[in-house]
1. Does at least one position in segment 220-229 carry a residue that is more than 16 Å from the ligand (Cβ to nearest atom) and surrounded by fewer than 17 Cβ atoms within 10 Å (Cβ to Cβ)?
2. What's the total number of residues in segment 132-186 that are hydroxyl-bearing (Ser, Thr, Tyr), surrounded by fewer than 21 Cβ atoms within 10 Å (Cβ to Cβ) and assigned to a loop (DSSP other than H, G, I, E, B)?
3. Just to be sure, is residue 192 on the phi > 0 side of the Ramachandran plot and either more than 16 Å from the ligand (Cβ to nearest atom) or among the aromatic types (Phe, Trp, Tyr) (or both)?
4. Quick check: is even one residue across segment 30-45 at pLDDT 95 or above, assigned to a helix (DSSP H, G or I), more than 17 Å from residue 228 (Cα to Cα) and away from the ligand (no atom under 14 Å from the Cβ)?
5. Inspect all residues belonging to segment 365-372 and state whether any of them is touching a residue at least 12 places away in the same chain (Cβ under 8 Å) and within 25 Å of residue 225 (Cβ to Cβ).
6. Quick one: which of 269, 246, 214 is touching a residue at least 24 places away in the same chain (Cβ under 8 Å), assigned by TED's automatic domain parsing to the domain that holds residue 176 and more than 16 Å from the ligand (Cβ to nearest atom)?
7. What are the residues in segment 315-334 that are assigned to a loop (DSSP other than H, G, I, E, B) and either of a type in the set (S, T, N, Q) or in contact with a Leu (Cβ under 6 Å, 6 or more places away or on another chain) (or both), if any?
8. Can you confirm whether segment 88-106 contains a residue that is at pLDDT below 95 and either basic (Lys, Arg) or more than 29 Å from residue 348 (Cα to Cα) (or both)?
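The values are calculated or read from the model by the stated rules, or taken from the named source; none is laboratory data. Because the structure is a prediction, the values reported are computed rather than measured. For neighbour counting, all protein chains shown are included, and Cβ atoms are generated from backbone atoms with ideal geometry for every residue, glycine included.
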Amino acid sequence: MEVERFLADRCRAVEFSGIRKYFGLALRAKDPIDLSIGQPDYDAPDAVKDAAATAIRAGRNRYTPTDGLPALREQIRSTLAERHPGWMPVVLIASGVSGGLVLSLLALLNPGDEVAFADPYFVSYRQLVTMLGGKPIAVPSYPDFSFPTGAIEQALTPRTRLLLINSPANPTGRVMPPAEMQAAAELARRRDLLILSDEIYRDLTFDAGPASAADFAPERTILLGGFGKTYGVTGWRLGYVAGPAALIHEMTKMQQYTFVCAPTPFQHAMLTAMRTDVAHHARDYARKRDLVVEGLSDAFDLVRPGGGFYVFPRAPARFADASAFCDAAAERNVFVIPGGIFSSRDTHFRVSFAAPDDALRRGCRILCELAGG
Ligand SMILES: Cc1ncc(COP(=O)(O)O)c(C=O)c1O
C-alpha cells in the first residue's frame with residue numbers, strides 16, 4: 001500500500017538534517033578524523049553518573065510534576081537570580097533545549113507568525129518554526145557574524161513575534177558582546193517582540209562572562225538553558241525554560257500533553273551536577289579553540305569563536321562551494337559540515353573542536369593542505 005499519501009503536509013515542509021550525511025560518512029570511514037560532532041568529547045563527572053544510578057535504584061523512576069522537580073527548579077531559579085539581579089523568572093524543566101524550543105513555539109506562535117534570527121543558525125530553528133506553523137526569517141550576519149539588529153529591523157513585518165538569539169552560537173561560536181545584546185534587546189522593546197534566548201553553550205564561554213538578553217530586557221526574555229553540553233550528558237535530554245510566569249504556565253500546559261515531564265532520574269542527578277564544578281571543561285575547550293584557530297588561520301578566513309566548540313571558516317574559493325570542499329575533505333578522511341546546512345549560503349564550513357588534540361592537529365593540517373591545492 002502507498003502509505004505516503006497519508007503523510008501530513010508538514011512532513012514535506014520539514015527536511016532531514018543534512019548533518020546526518022556527514023555523520024554517516026564518518027561512521028563508515030576507517031579511523032576517521034571526525035570534526036563534525038555536535039557534542040562534547042568529555043563524559044559526565046562520576047558523581048553525576050552515581051547520582052543518576054542512585055536515583056534509579058531508589059525508585060525515582062516515575063513522573064515528576066509536569067514542570068519538573070521542585071528542588072531542581074528552585075536551584076535553577078536561584079542560580080539565575082544571582083546571575084541576573086532583579087530578574088524573577090519562573091522555571092520549567094524541559095526535555096533538552098529542543099523540548100524547551102518546542103514548548104516555547106507551541107505556546108507563542110499562531111500560523112504564519114514570524115520568528116527572526118541570524119543566518120547562519122542552529123539547524124532546528126528553521127525546521128521547528130516551520131513544523132509549528134510559523135515562518136522563519138533568517139537574516140544574514142556574514143562576514144563577522146555580529147547580530148544583524150539593523151537588518152532584522154528592516155525585515156520585520158507586523159507578523160514578526162519573536163527574536164531568536166543564540167549566544168554562544170552554533171555554528172559560528174560567536175559570543176555577542178554586551179552592547180550588541182543591548183541593541184537586540186532595545187529592538188525587541190521598540191518593536192514589541194519577545195526574545196527567545198538559546199544559551200545552551202553558556203557554560204562553555206572562553207573570554208568574558210557572556211551577556212544575556214535577561215540583563216537587558218528581562219520582562220520579555222525567555223531563556224533556554226541546557227545541561228547536555230555542560231555536563232556531557234546530551235543523551236539524558238535535559239534543559240530548562242525560564243521566563244515570565246504567564247508564559248511558562250502555558251508551556252507547562254503544552255508539556256502536560258507532549259513530553260509529560262523530563263526524565264525523572266536525570267532530573268535528580270542534575271541537583272548533584274549543579275553543585276559540581278566543571279569549569280575545567282571551558283578552560284580545556286578554550287585551549288582547543290586556540291589550537292584550531294592557530295592551525296587554520298594561515299589558510300582560511302575565520303572569526304575567532306568566543307564559546308561553544310565550533311569554528312566556521314570560509315571555504316577556499318577554488319572549490320565550487322563549501323559542500324564540494326567538505327566532500328574533498330571527507331575523501332581525505334576529515335569530516336566537517338558544509339555551511340549550507342546552517343545557512344542560505346554554502347560558503348563556509350563548520351569544524352567542531354570537541355575532539356582529541358591529536359585529531360584536531362591532524363585535521364587542521366589536512367584541511368590546510370586541501371586549501372593550498
Ligand atoms: C544552539 C543549540 N540549541 C539547542 C540544541 C539542542 O540541545 P538539546 O540536546 O539540549 O536538545 C543544540 C544542540 O546541538 C544547539 O546547538
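1. Taking every residue of segment 220-229 in turn, none turns out to be more than 16 Å from the ligand (Cβ to nearest atom) and surrounded by fewer than 17 Cβ atoms within 10 Å (Cβ to Cβ).
2. Residues meeting the conditions: 3.
3. Working: on the phi > 0 side of the Ramachandran plot: yes; either more than 16 Å from the ligand (Cβ to nearest atom) or among the aromatic types (Phe, Trp, Tyr) (or both): yes.
Yes.
4. Within segment 30-45 (the criterion being at pLDDT 95 or above, assigned to a helix (DSSP H, G or I), more than 17 Å from residue 228 (Cα to Cα) and away from the ligand (no atom under 14 Å from the Cβ)), the answer is no, since none of the residues qualifies.
5. no
6. Details: 269 fails: more than 16 Å from the ligand (Cβ to nearest atom); 246 fails: touching a residue at least 24 places away in the same chain (Cβ under 8 Å).
Only one candidate qualifies: 214.
7. 333
8. Residues of segment 88-106 that are at pLDDT below 95, as a first pass: 88.
Now restrict to residues that are either basic (Lys, Arg) or more than 29 Å from residue 348 (Cα to Cα) (or both): 88.
Looking for residues that are at pLDDT below 95 and either basic (Lys, Arg) or more than 29 Å from residue 348 (Cα to Cα) (or both), one finds at least one in segment 88-106, hence yes.
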